[in-house]
Amino acid sequence: MIDPATLKFARRLARIKARQLGRLIRTCSREDLEQELMLEVVIGWERFDPARGKPAAFVEHLIQQKAWKLRRAEGSQRPTRSFDADHHDKPAVDDDFRHIALRIDVDVAVTNLPPDLRKACDQLRRDSVSSVARSRGVPRSTLDSSLKRVRETFRRADLDQYLS
């Protein structure tokens, strides 16, 4: 659970960063950007380890990383200019809202997983299946069976095309 002082800091930092990003990313409103940043803090908070650093530094890291990802995504979606007089550039607002909706759907599917599976999925972002199984003290086949449950959760949420 995020303590109130850290949450207040996260809100303030997200508001500031959303204002800065709003100047660069014209396809999303500042409120949407601020919400994206706060979602990142809420979702990422479970990875916070007080032995490794201070809460404010962790929140700042989460917000900085998400801001970088949003800027990178904006750069890759920027349309190329056409010299055709009839062509008018339209921002890809629908794509941004689909991305936000997808992120929320994935987060809902992940939060419906049992805590041990969420932790295993988080570990799998960094390590191989074999090393995660070893660190959890279970056979690889047991972890594979658990991952089948994760895949089924994504299928039920119609997110199976995003499984790797």
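The values are calculated or read from the model by the stated rules, or taken from the named source; none is laboratory data. In this text the structure is predicted, and so the values were computed from the model without any measurement. In this analysis, Cβ positions are derived from the backbone assuming ideal geometry, glycine residues included, and neighbour counts consider all displayed protein chains. To get the accessible areas, we keep the full protein, side chains included, count just its heavy atoms, and leave off ligands, DNA and RNA. Shrake-Rupley method; radii C 1.70, N 1.55, O 1.52, S 1.80 Å.
Kindly check whether there is at least one residue in region 72-87 that is over 26 Å from ARG118 (Cα atoms), open to solvent by 50 Å² or more (accessible area, probe 1.4 Å) and at pLDDT 80 or above.
yes
Across region 129-146, what is the total count of residues that are surrounded by fewer than 13 Cβ atoms within 10 Å (Cβ to Cβ) and under 13 Å from LEU117 (Cα atoms)?
Qualifying residue count for the region: 3.
May I ask you to say which residue of SER128, SER164 is hydroxyl-bearing (Ser, Thr, Tyr) and either modelled with pLDDT of 80 or more or over 17 Å from the mean Cα position of the chain (by Cα) (or both)? I'd like the intermediate steps shown before the answer.
Details: SER164 fails: either modelled with pLDDT of 80 or more or over 17 Å from the mean Cα position of the chain (by Cα) (or both).
Only one candidate passes the filter, namely SER128.
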